[in-house]
Amino acid sequence: MVKNDWSIKTICVVVGILHIIFIFRTFQTNDRIIHLFSVGKILTNVNKIQLKLHEKTNAVTKEKSFLTLFTSWDSDKDKYLCRNNTINNWNRLHENITSILFTNDLDLSRRVTSMGWKVLPVTKVGATGVPVLKDMFYASFASQDSEFYAYANGDILFTNDLIDTIKAVIRSNIGDAKDLLFIGKRYDVRHVSSDEATNFDKLKETVIDRGQLHNAWGIDYFIMRKSYPLQDYPDLVIGRPLVDTYLVSEAVNRPRSHVVDITKTSPTVHQVTLPGSAGIREGMSKLDNLYNFKVLENETWNQFSGLTVCAPYFTTIRSNMKIRIKKRGTEGMFKRCRITNKHVKKQQKQNKILTKLHKQLSDLNFRKKKQKL
């Protein structure tokens, strides 16, 4: 009987050790290309996780990064592949890049930190609960010492050309500008695989084969230094119309503006996850799609100057395959890029018309969703 008890205890110990090894190997990976979003929840002590996360994220990282990329999203099982693609793609961009997710979801925080990202809490939101862009920039400034900071939507993928382009601009005669702002158009691509997202050569081929270049209105990322003058930027929320247009419009109309359109040298992929036009303009499909219009309703500004073609500088490839920075003359700009006193009243009238049209579109979307229910 004693011998049998000893055998049973031995078996239990072995099984326990194997179980621990299995859990460890499940979450261990060399290249961090894993899919933790598909892993089930593990029972944890929520208070301990929350305490550890605050300890990690409240302190400023001492090592200086070249670029800090940040974004925010909610848990959505229909976007598991898309979010994993984003995490793994950003992880492969450069060895000196810090990636940050803004979220108050503890389970989501645990998953992304295990994949090499930092987590910061969402501390300021609009009336509909969506994070405020300016606050995210300031929180990133405080959390991470970095040469540049970039917000990008959570479905955006980059290639190694992004880093090469930024470095090329730094070496140019505008490289030291405090108000340097990088923007660019995106390529809308459906069904991006995990292999394409993590292989830059394949991702570039995907852009050529299946990508559709978005118009000059859709700008899904902004890259700037900590010295960029954000203090007067209103509390616009991410992922909704005008958050990009207003920032670019104000930037290009600033005296001696240093906005650079890097579309031609840094292909950027927007992972389209919804069918039809809703996937192309996902922000317009939200019930609060007019939120930023409401915030800006008393502002006098030129919506037409918030386009990539209004950037005074742009990058291109030379015949020797090196990146070149060129100044865009007024003849190469969209004719409505600059604000003049003559156009102020006309612009105010156009803003009212656009707001009315967007209101009608919002009401139509709401009725369609109500009918489906």
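The relative contact order of the stretch 133-236 comes to 44 percent, based on Cα pairs under 8 Å that sit 6 or more residues apart.
For a straight C-alpha distance cut-off of 13 angstrom, the aspartates and glutamates reachable from Lys286 (same-chain residues fewer than eight places away being disregarded) are Asp363.
Summing charges over neighbours of Tyr233, with a neighbour being any other residue whose Cβ is under 9 Å away from its Cβ, gives -2 when K and R count +1 and D and E count -1.
Summing Cβ point charges (Lys, Arg +1; Asp, Glu -1) relative to the Cα centre of the stretch 223-332 gives a dipole of roughly 780 debye. Packing, taken as the mean count of other beta carbons within 10 Å per residue, orders the peptides 227-233, 109-115 from highest to lowest as 109-115, 227-233. Protection proxy ranking of 298-304, 96-102, 136-142, by the mean of other Cβ atoms within 10 Å over each peptide's residues and highest first, is 96-102, 136-142, 298-304. Ranked by the mean number of other Cβ atoms within 10 Å per residue, highest first, peptides 314-326, 123-135 order as 123-135, 314-326. In straight Cα distance, which aspartates and glutamates are under 13 Å from Lys322, not counting same-chain residues fewer than 8 positions off? Candidates past the 8-residue exclusion: Asp161, Asp164. If you average the C-alpha positions of the stretch 71-119 and of the stretch 178-197 separately, how far apart do those two centres end up, in angstrom? Cα centroid to Cα centroid, the span is 16 Å. Pairs of Cα atoms nearer than 8 Å and 6+ residues apart set the relative contact order; for the stretch 165-289 it is 38 percent.
Taking 21 Å as the limit for the C-alpha separation, the pairs Lys79/Lys167; Lys264/Lys327; Lys178/Lys326 exceed it in the case of Lys79/Lys167.
Readers should treat all values here as calculations from the given coordinates under stated rules, not as data from a laboratory. Predicted, not measured: the structure shown is a model, and the values here were computed from it. In this analysis, Cβ positions are derived from the backbone assuming ideal geometry, glycine residues included, and neighbour counts consider all displayed protein chains.
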